[in-house]
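See structure below.
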Amino acid sequence: TSVREHLKTSLNRIAASVAQLHNARITVDFQQGTPAVINTPAAAIVARQAACVAVGERNVMPLQFTNMGAEDFGYYLQHVPGCYVRFGAQIEGKEGFPAHSSKFDFDEQALLVGAAYYHQVALAAAQALRDG
């Protein structure tokens, strides 16, 4: 993405400046990692509509902050339009832990929410395809 390229350019410029200042040589090697997850606007509209039907508009919330974690869903989005969606599944009154933590647990009622959402997203996507 343009942000990633801008950051690479900036880091190379800083490294070159530090190298020149100290009469040294600096080599910067970037590990590309997974691609950014950038939702397709049309898919995000379908996803939001489906979520509003499944759980009610007051229960559909945008992420409170940008997540810089790696997510391989970005590979899918390089080939097909889509939208990454998260379901709130923290057990009320319990501390939340990251998904890959050995302490991770979730409210199994979220599975019902997920099933209702995917049912609605299939209907909404089919309608969006019919409408063009």
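The values are calculated or read from the model by the stated rules, or taken from the named source; none is laboratory data. Values in this document were obtained by computation on a predicted structure and should not be read as measured data. Glycine also receives a Cβ, built like all others from the backbone with ideal geometry; neighbour counts cover every protein chain displayed. Keep in mind that these areas ignore ligands, DNA and RNA; they rest on the heavy atoms of the full protein, side chains included. Shrake-Rupley method; radii C 1.70, N 1.55, O 1.52, S 1.80 Å.
Mind checking which residues of the range 2-38 are assigned to a loop (DSSP other than H, G, I, E, B), out of contact with any Gly (no Cβ under 7 Å at 6 or more places or on another chain) and surrounded by 10 or more Cβ atoms within 10 Å (Cβ to Cβ)?
Here is the first cut: in the range 2-38, the ones assigned to a loop (DSSP other than H, G, I, E, B) are 22-38.
With out of contact with any Gly (no Cβ under 7 Å at 6 or more places or on another chain) added as a condition, the list becomes 22-33, 38.
Correct list: ILE26, VAL28, PHE30, ILE38.
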Quiz item: Given the conditions (1) hydroxyl-bearing (Ser, Thr, Tyr); (2) part of a loop (DSSP other than H, G, I, E, B); (3) touching a residue at least 40 places away in the same chain (Cβ under 8 Å); (4) open to solvent by less than 60 Å² (accessible area, probe 1.4 Å), which single one is not true for SER101?
Solution: (3)
Quiz item: Within the range 87-98, can you find the residues that are open to solvent by 80 Å² or more (accessible area, probe 1.4 Å) and free of Cβ contacts under 8 Å to residues at least 12 places away in the same chain?
Solution: GLY93, LYS94, GLU95, PRO98
Practice problem: With the checklist (1) under 30 Å from GLN32 (Cβ atoms); (2) open to solvent by less than 100 Å² (accessible area, probe 1.4 Å); (3) not in a helix (DSSP H, G or I) in hand, flag the one item ASP107 doesn't pass. | Solution: (1)
Practice problem: Go through (1) part of a loop (DSSP other than H, G, I, E, B); (2) within 20 Å of the chain's Cα centre (by Cα) one by one and return the number of the condition GLY114 breaks. | Solution: (1)
Quiz item: So is GLY96 at positive phi and more than 18 Å from the chain's Cα centre (by Cα) or not?
Solution: no
Quiz prompt | Selection within the range 119-132 - open to solvent by 70 Å² or more (accessible area, probe 1.4 Å) and either touching a Cys at 6+ places or on another chain (Cβ under 8 Å) or free of Cβ contacts under 8 Å to residues at least 60 places away in the same chain (or both) | solution = GLN127, LEU129, ARG130, ASP131, GLY132
Quiz prompt | Among the candidates GLY74, GLY132, GLY69, residue that is farther than 30 Å from LYS8 by Cβ and modelled with pLDDT under 95 | solution = GLY132
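Out of the residues in the range 39-74 that are outside any loop (DSSP other than H, G, I, E, B) and in contact with a Pro (Cβ under 6 Å, 6 or more places away or on another chain), state the one that is most open to solvent (accessible area, probe 1.4 Å).
Looking only at the range 39-74, we keep the residues that are outside any loop (DSSP other than H, G, I, E, B), and these are 41-55, 57-59, 73-74.
Applying the additional criterion that residues be in contact with a Pro (Cβ under 6 Å, 6 or more places away or on another chain) yields 43, 74.
Numbers: ALA43: 25, GLY74: 1 Å².
Applying the filter and picking the extreme gives ALA43.
Does the range 1-25 hold any residues that are hydrophobic (A, V, I, L, M, F, W, C) and modelled with pLDDT under 95, and which are they? If you could, list the steps in order and put the result at the bottom.
Residues of the range 1-25 that are hydrophobic (A, V, I, L, M, F, W, C), as a first pass: 3, 7, 11, 14-16, 18-19, 21, 24.
Of everything in the range 1-25, those that are hydrophobic (A, V, I, L, M, F, W, C) and modelled with pLDDT under 95 turn out to be VAL3, LEU7.
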Exercise. Return the pairs, sorted by first residue and then second, in which the second residue is open to solvent by less than 70 Å² (accessible area, probe 1.4 Å), the first residue lies in the range 9-26 and is of a type in the set (Ser, Thr, Tyr), the beta carbons are less than 9 Å apart, and the residues are 6+ apart or on different chains.
Key: none
